[in-house]
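Take a look at the structure set out below.
The values are calculated or read from the model by the stated rules, or taken from the named source; none is laboratory data. Worth saying up front: this structure is predicted, and the values here are computed from it rather than measured. For neighbour counting, all protein chains shown are included, and Cβ atoms are generated from backbone atoms with ideal geometry for every residue, glycine included.
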Amino acid sequence: MSTLNKVFLDVFGEALTPLGFKRIKSKYPYFVRLIGDEIIHVITFKKTYHCPNENWLNILGGVATVYRQRITLSESPKDNTDWLNDNLKFHENSYPLEFDPVFRGSLFNFKYNESTMVDIVKHSLKITEKFMLPALNTAVNIDSCIEYFHVYSPFPFIRDYENFGNDIDGEYCNEWLLYMLTENYIELKERNMKRHNSIYAHNVKIGKHEHTQEELENRLKRYDEVKLREIAKRDKYIDDPQLYDKTLAEIEHRKATNIEILKSYGLDV
């Protein structure tokens, strides 16, 4: 009798391997695609539970770089949901102005049993190919990774930590050091702010609950103030020579550490 794990590896492996994904050395079912020596795309699944004696699965995927605190694919997909999203999340953020609750509900948490398992996994693959893979495909360099995280999460927050947050477990997937590696920080921030304001304006127009014209006007008035505040957060690390050198050293340390982790997974870095 086939297990869900085997069916997932067979069905997704056949589709993902030609796209550059590889099953890594891990006790958990991760497929990983390496982009250069800095970026990975990840697809996996987890079992979900709704009712006793019922079986459900959800497909998860995400992007990580070697500049985060640590890459954690030795841990379960469930333990990585701070940065792995399901197809519902990818659809919501790819098409933020569309809202069809019935359709969105069909994109995640698939119920299966022994007789339907193969067909359900194949169905989940089709949805993944339509919504998750196109999003992952966009993250191919530093700037496009930043844009990916702005849209799909986890949002990179610049933290004022003395030790770059390395002693805080919850910071393990914060990719904020990418901001130190781009020459287009202001442009990327402006693009993200305009995107959020545009979505908010649309929600005001359609009368979505808790979205008001007053708040929209306040957001637009605060635009320059917020932008300058975001620039100042980054400039703190750029303008202080000692802190800048320390930041670059942290970036190189994280890259070296995470590359060794990726090698341990059997990836050719």
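Quick notes
- Cross-chain or 6+ apart pairs with Cβ under 8 Å, region 249-269 first and free of Cβ contacts under 8 Å to residues at least 40 places away in the same chain, then among the β-branched types (Val, Ile, Thr): LYS263/VAL269
- Screening LYS122 with (1) farther than 30 Å from VAL269 by Cβ; (2) of a type in the set (D, E, K, R); (3) free of Cβ contacts under 8 Å to residues at least 24 places away in the same chain gives one miss only, at (3).
- ASN192 in a helix (DSSP H, G or I), over 21 Å from the mean Cα position of the chain (by Cα) and not hydrophobic (A, V, I, L, M, F, W, C): no
- In summary, LEU267 fulfils each of the numbered conditions (1) surrounded by 14 or more Cβ atoms within 10 Å (Cβ to Cβ); (2) over 30 Å from ILE40 (Cα atoms) with the single exception of condition (2).
- Residue in region 75-82 that is buried (at least 16 other Cβ atoms within 10 Å of the Cβ) and either part of a helix (DSSP H, G or I) or under 12 Å from the mean Cα position of the chain (by Cα) (or both) present: yes
- LEU57 in contact with a Leu (Cβ under 9 Å, 6 or more places away or on another chain), closer than 22 Å to THR138 by Cα, of a type in the set (A, V, I, L, M) and modelled with pLDDT of 95 or more: no
- Considering region 30-74, the residues that are of a type in the set (Ser, Thr, Tyr) and under 22 Å from ILE127 (Cα atoms) include one that is surrounded by the fewest Cβ atoms within 10 Å (Cβ to Cβ), namely TYR49.
- Residues of region 36-56 that are touching a helix residue (DSSP H, G or I) at 6+ places or on another chain (Cβ under 9 Å) and closer than 30 Å to ASP268 by Cα: ASP37, GLU38, ILE39, ILE40, HIS41, VAL42, ILE43, THR44, PHE45, LYS46, LYS47.
- Taken together, LYS130, LYS208 contain a single residue that is at pLDDT 95 or above, basic (Lys, Arg) and either assigned to a loop (DSSP other than H, G, I, E, B) or assigned by TED's automatic domain parsing to the domain that holds ASP10 (or both), which is LYS130.
- Single condition ASP268 does not satisfy, out of (1) touching a strand residue (DSSP E or B) at 6+ places or on another chain (Cβ under 9 Å); (2) acidic (Asp, Glu); (3) under 20 Å from PHE157 (Cα atoms): (3)
- In the set (1) touching a Phe, Trp or Tyr at 6+ places or on another chain (Cβ under 9 Å); (2) outside any helix (DSSP H, G or I); (3) more than 21 Å from VAL63 (Cβ to Cβ), the condition left unmet by PRO154 is number (3).
- Residue check, ASN258 of a type in the set (S, T, N, Q), within 16 Å of GLN69 (Cβ to Cβ) and within 21 Å of the chain's Cα centre (by Cα): yes
- Looking across region 105-125, the residues that are within 21 Å of the chain's Cα centre (by Cα), assigned to a helix (DSSP H, G or I) and either at positive phi or crowded, with 16+ Cβ neighbours inside 10 Å (or both) come down to SER124, LEU125.
- Screening GLU175, GLU129 for residues that are of a type in the set (Asp, Glu) and under 21 Å from TYR95 (Cβ atoms) leaves exactly one candidate, GLU129.
- When each of LEU177, LEU188 is tested for being under 19 Å from VAL66 (Cβ atoms) and not assigned by TED's automatic domain parsing to the domain that holds PRO96, the lone residue that passes is LEU177.
- Some residue of region 214-224 being among the basic types (Lys, Arg), out of contact with any Ser or Thr (no Cβ under 9 Å at 6 or more places or on another chain), part of a helix (DSSP H, G or I) and in contact (Cβ under 8 Å) with a residue 40 or more places away in the chain: no
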